[in-house]
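> Here you go, one structure.
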Amino acid sequence: MFATLNLRTTGPFQITLSKSEGVKTVVFNGKKGTPQQYCGIVGGQSTDFSTIDTEIKTTHLKNNTLAPPDLLVNGVQGITWRLGFGINKPQEPEEWQDHPADINLPITSALVNNPVAIWEEVTRRVF
């Protein structure tokens, strides 16, 4: 069984454990009767123009012909890249594929704000 709160950075790890190793996945807080996905962004790395521009200026490369021009708008330009391709369907990004959780653990009065009770319930259902 694998548990995580930071789905963005652990997505590829979760998928590999589930698809390749048969590790069970549990989603807590899902709507009862609705299939829940256990993974968020898969392999995506994100940044923004201002971060890249600051790094270019810090390294004194702003005059390099490959450096992008200044962003002349009052806004933010986000950039995402490096999506990982699928394990079972390697012709398409893993992020486009389904990742249904093995167990959907809805919130109950016994589980809310009670991590020990959550783990006991997960253990009861999985093992």
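The values are calculated or read from the model by the stated rules, or taken from the named source; none is laboratory data. As the structure is a computational prediction, the values presented were derived from the model and not from experiment. Note that each Cβ is placed from the backbone with ideal geometry, even for glycine, and that neighbours are counted across all protein chains shown.
Per-residue answers, yes or no, for (1) of a type in the set (Val, Ile, Thr); (2) closer than 24 Å to Ile107 by Cβ; (3) in contact with a Cys (Cβ under 8 Å, 6 or more places away or on another chain):
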{"site": "Ser20", "(1), (2), (3)": "no, no, no"}
{"site": "Val23", "(1), (2), (3)": "yes, yes, no"}
{"site": "Lys32", "(1), (2), (3)": "no, yes, no"}
{"site": "Thr51", "(1), (2), (3)": "yes, no, no"}
{"site": "Thr58", "(1), (2), (3)": "yes, no, no"}
{"site": "Leu66", "(1), (2), (3)": "no, no, no"}
{"site": "Ile87", "(1), (2), (3)": "yes, no, no"}
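> A follow-up question, please. Is there a residue being within 22 Å of the chain's Cα centre (by Cα) and basic (Lys, Arg) anywhere in region 55-67?
Taking every residue of region 55-67 in turn, none turns out to be within 22 Å of the chain's Cα centre (by Cα) and basic (Lys, Arg).
> If only one of Val122, Val112 is more than 20 Å from Gln14 (Cα to Cα) and either in the same structural domain as Gln14 (by TED's automatic domain parsing) or touching an Asp or Glu at 6+ places or on another chain (Cβ under 9 Å) (or both), which one is it?
From the options Val122, Val112, the qualifying one is Val112.
> Mind telling me which of the residues Ser18, Ser50, Ser46 ends up being of a type in the set (Ser, Thr, Tyr), outside any helix (DSSP H, G or I) and surrounded by 11 or more Cβ atoms within 10 Å (Cβ to Cβ)?
Matching residue, one of Ser18, Ser50, Ser46: Ser46.
> Shifting gears a bit: With the requirement that a residue be in contact with a Gly (Cβ under 6 Å, 6 or more places away or on another chain), of a type in the set (S, T, N, Q) and not in a strand (DSSP E or B), what does region 62-110 give you?
Gln97
> Against the conditions (1) loosely packed, with under 15 Cβ neighbours inside 10 Å; (2) at pLDDT 80 or above; (3) aliphatic (A, V, I, L, M); (4) more than 30 Å from Val126 (Cα to Cα), where does Ile79 fall short? Just the number, please.
Looking at each condition in turn, Ile79 falls short on (2).
> Within region 89-111, work out how many residues are surrounded by 11 or more Cβ atoms within 10 Å (Cβ to Cβ) and over 16 Å from the mean Cα position of the chain (by Cα).
Here the count works out to 10.
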